[in-house]
1. Go through A:156, A:95, A:116 for me and flag whichever is of a type in the set (Gly, Ala, Ser), within 14 Å of another protein chain (Cβ to nearest Cβ) and within 24 Å of the chain's Cα centre (by Cα).
2. Within the range B:68-86, is there a residue that is farther than 26 Å from residue B:192 by Cα, part of a loop (DSSP other than H, G, I, E, B) and within 11 Å of another protein chain (Cβ to nearest Cβ)?
3. Quick check on the range A:277-305: of everything there that is hydroxyl-bearing (Ser, Thr, Tyr) and assigned to a helix (DSSP H, G or I), which residue is surrounded by the most Cβ atoms within 10 Å (Cβ to Cβ)?
4. Return the residue satisfying two criteria in turn: it lies in the range A:12-69 and is more than 23 Å from the chain's Cα centre (by Cα) and β-branched (Val, Ile, Thr), and of such residues it is farthest from the other protein chains (Cβ to nearest Cβ).
5. Checking the structure you have, find out if any residue of the range B:224-235 is outside any loop (DSSP other than H, G, I, E, B) and without any contact (Cβ under 8 Å) to a residue 12 or more places away in the chain.
6. Does residue B:114 qualify as being in a helix (DSSP H, G or I) and more than 23 Å from residue A:384 (Cα to Cα)?
7. Among the residues that make up the range B:171-179, is at least one of them crowded, with 18+ Cβ neighbours inside 10 Å, on the phi < 0 side of the Ramachandran plot and in contact (Cβ under 8 Å) with a residue 40 or more places away in the chain?
8. Among the numbered criteria (1) without any contact (Cβ under 8 Å) to a residue 12 or more places away in the chain; (2) facing chain B (nearest Cβ under 8 Å); (3) touching a Pro at 6+ places or on another chain (Cβ under 6 Å), which one does residue A:133 miss?
Amino acid sequence: MSDPPGTTKSVSQTNDELLSSLRPPTLAWYLLAFFLGAVVACGLAAFTWQMMNGMYVTGKNRPVMWGFYITGFVFWVGLSHSGTMVSSILRLSRANWRRPILRAAEAMTVFCITVAGLFPLIHLGRNWTFFYMIPYPNQRGLWPNFRSPLLWDMTAITSYIIGSSLFLYLGMLPDLAIARDRSTGWRHKMYTFLAMGWRGSAREWSVYHKASTLMAALIIPVAVSVHSIVAWDFAVTVVPGWHSTIFPPYFVIGAILSGVAAVITLMIIIRKIFHLEEYLTPLHFDNMGKLLLVISLLWTYAYFVEVQITWYAHEPIEWEVFSYLSSRYTPQLLIMLVGNSLLPIIFLCFRKMRRSIGVMLLLSLWVNVAMFIERFLIIVPTLSHKNMPFAWGSYSPSLVEILVNLAALAGFALLFTLFAKFFPIMAISDVRELEVREAKVPMGRTRLPSIAGKE
Amino acid sequence: MQKLTSPYKWGMVIDLDRCTGCGACVVACQAENNVGICEKQEIAEGRNMHWLRIERFWVGEYPDVRVRFLPVMCQQCQDAPCEPVCPVYASYHNPDGLNGQVYNRCVGTRYCGNNCPYAVRVFNFYPHEWPKPLDNQLSPDITVRTRGVMEKCSFCIQRIRRAKEEATLEGRIIRDGEVQPACAQTCPAEAMTFGNLADPASRAARLARSPRRFHLLEHLGTHPSVVYLKGGGREHV
């Protein structure tokens with residue numbers, strides 16, 4: 001760190017710093033992994049209990065047939081938009097500040113969508129027959145119902161899991177090769193296998209750059225379609241409060257909002273734990289803050305339009321849903337509006353706030369709490385007060401549902417903890433590429449900016 | 001592919017001016033269709049299994065209070081919201097115009113229950129038991145549903161099947177009034193009339209043309225097969 005400014009650090013020094021997360025685990029790491037594992041085990045036990053006994057262990061009832069599980073599903077699908085947003089869009093728009101965070105964001109996408117994909121299976125009445133929904137060849141010659149949004153969901157989520165895993169893996173190839181060259185024992189064997197013989201030749205790099213740009217462009221439509229399809233689960237029904245054409249774009253915006261907020265939270269955690277203050281600077285938080293501000297404004301607009309049109313139309317059944325929502329769930333509604341609109345819009349206008357790690361942590365956490373509430377408020381109040389007033393009801397989550405949702409959070413954290421320990425969490429080659437581009441080249445007695453400075 | 005056609009389109013006409021709200025239909029339905037017996041707690045939690053419910057509405061202010069009853073069962077919609085959303089075809093449309101429900105196909109997404117505007121689909125949250133000697137009452141014609149599946153009114157499809165078999169043997173179609181579901185059979189006020197709406201001469205079809213007719217939530221365009229009759233100058237009663 002004693003290098004004079006303007007020079008590139010030695011290659012091995014940079015690699016050392018960026019690969020520091022791969023050092024042998026400490027006691028604290030084991031404790032964390034054990035704790036997260038324990039929470040996941042609790043959730044698994046709760047799920048097993050539900051499977052052995054029946055859906056009555058949840059809080060669901062006759063009018064409210066979906067509850068915390070589907071809330072969790074939509075929430076985690078939303079979070080999974082982080083990687084795509086930060087990585088692909090910023091890659092295509094050539095924003096250099098994306099480099100230190102793109103790996104974490106891409107990994108987050110993969111783990112979030114994996115966790116999200118479990119919820120629809122958990123919430124089934126007969127989980128053991130889930131394969132009926134898969135188009136497998138069977139004696140009856142029976143296909144699944146392609147008109148059902150649930151089938152679209154399954155198709156979209158499977159595509160997104162495959163696509164985002166490939167995206168993550170492709171971006172990691174050169175870094176796996178670096179890890180391979182610097183490891184021994186079983187890890188060396190693992191990285192050798194995963195690096196697929198990467199040598200770093202000019203041809204490999206050229207193919208790699210083409211492939212990653214292509215991948216970045218291809219993954220964006222997939223991401224947008226995934227959350228649109230999740231929105232269709234609601235929008236194509238005849239349920240008042242769900243049947244709304246603004247849902248697909250509104251859900252996508254909400255997804256990006258929670259995704260960007262989650263990336264900010266993750267950046268703060270990674271920065272702290274792996275001491276990467278030098279790579280994740282206030283500039284990065286400043287930029288992420290601007291992004292969050294824009295998305296928050298968009299979300300506010302979408303929410304305003306949704307409520308305002310319903311209010312203007314004042315269709316009695318639909319308006320009843322909104323009245324019930326605002327009277328029964330007033331505190332939740334306020335937490336949501338403050339967290340998603342008010343606070344981000346007020347705070348993120350100021351550079352000082354955007355560059356303050358504490359403020360950003362608070363904001364990003366609050367946004368995600370608010371987004372979970374938002375999903376809940378879309379699903380539950382609507383179902384509670386549907387068309388037939390005689391069959392109205394209410395819902396509160398049971399312990400089993402809460403445990404499963406906590407386990408999902410812990411499961412995600414556990415997957416991420418393991419990933420950070422075994423795979424390079426910083427995109428080494430991307431970071432170094434930027435450093436080389438920005439470095440000044442000695443030319444005679446002076447130093448001049450490198451001609452490779454532009455992408 | 002051969003187009004599935006049927007000479008039947010089953011429907012029901014419920015005369016609300018006749019309904020006394022006695023609840024005999026609810027009991028008959030429960031007895032006929034192996035509907036699960038619910039504990040007190042189960043009902044308190046809003047998880048009762050009735051395929052047919054009597055909605056009760058108070059009209060007017062004290063002392064001039066009237067009570068109106070509305071029996072609601074599956075409306076057997078011709079454009080049913082429950083059908084397209086089921087990913088596994090557990091909820092399907094049969095050629096006679098009924099919304100079928102295949103219990104052993106159902107995986108329990110409960111999507112149909114959410115999308116049903118009439119909230120008449122019931123879900124087996126609990127496993128149900130028929131303690132002795134109640135198990136003797138179970139009908140052998142109908143599946144006993146396990147927990148985790150959706151169920152709903154079928155217009156007593158087992159009775160329709162039986163009548164159809166007899167009619168086929170005799171080389172004719174089912175005569176008007178030959179088959180009726182348990183609720184219509186039991187109704188002491190004869191408020192319910194079941195029949196083939198495709199036959200314009202059937203009693204149900206004739207009643208369904210009454211100027212007193214209306215459908216529940218007609219604006220949703222679900223085209224229900226259940227027709228309600230109300231009014232005729234006595235709507236204040």
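The values are calculated or read from the model by the stated rules, or taken from the named source; none is laboratory data. Since the model is a prediction, treat every value here as computed from it, not as a measurement. Glycine also receives a Cβ, built like all others from the backbone with ideal geometry; neighbour counts cover every protein chain displayed.
1. Details: A:95 fails: within 14 Å of another protein chain (Cβ to nearest Cβ); A:116 fails: within 14 Å of another protein chain (Cβ to nearest Cβ).
Among A:156, A:95, A:116, only A:156 is of a type in the set (Gly, Ala, Ser), within 14 Å of another protein chain (Cβ to nearest Cβ) and within 24 Å of the chain's Cα centre (by Cα).
2. Taking the range B:68-86 first, the residues farther than 26 Å from residue B:192 by Cα are B:84-86.
Checking the rest, the ones that are also part of a loop (DSSP other than H, G, I, E, B) come to B:86.
Cutting the leftovers down to within 11 Å of another protein chain (Cβ to nearest Cβ) gives us B:86.
Yes.
3. So the first thing to find is which residues in the range A:277-305 are hydroxyl-bearing (Ser, Thr, Tyr), and the list is A:279, A:281, A:296, A:300-301, A:303.
Now narrow it down to the ones that are assigned to a helix (DSSP H, G or I): A:296, A:300-301, A:303.
Details: A:296: 25, A:300: 18, A:301: 13, A:303: 19.
Among residues in the range A:277-305 that are hydroxyl-bearing (Ser, Thr, Tyr) and assigned to a helix (DSSP H, G or I), the one surrounded by the most Cβ atoms within 10 Å (Cβ to Cβ) is A:296.
4. Looking at the filtered set, the residue picked out is A:14.
5. The initial filter retains those residues of the range B:224-235 that are outside any loop (DSSP other than H, G, I, E, B), namely B:226-229.
From what is left, the residues that are without any contact (Cβ under 8 Å) to a residue 12 or more places away in the chain are none.
No, the conditions are met nowhere in the range B:224-235.
6. On the way: in a helix (DSSP H, G or I): yes; more than 23 Å from residue A:384 (Cα to Cα): no.
So residue B:114 fails the test.
7. Yes, the conditions are met somewhere in the range B:171-179.
8. Failing condition for residue A:133: (1).
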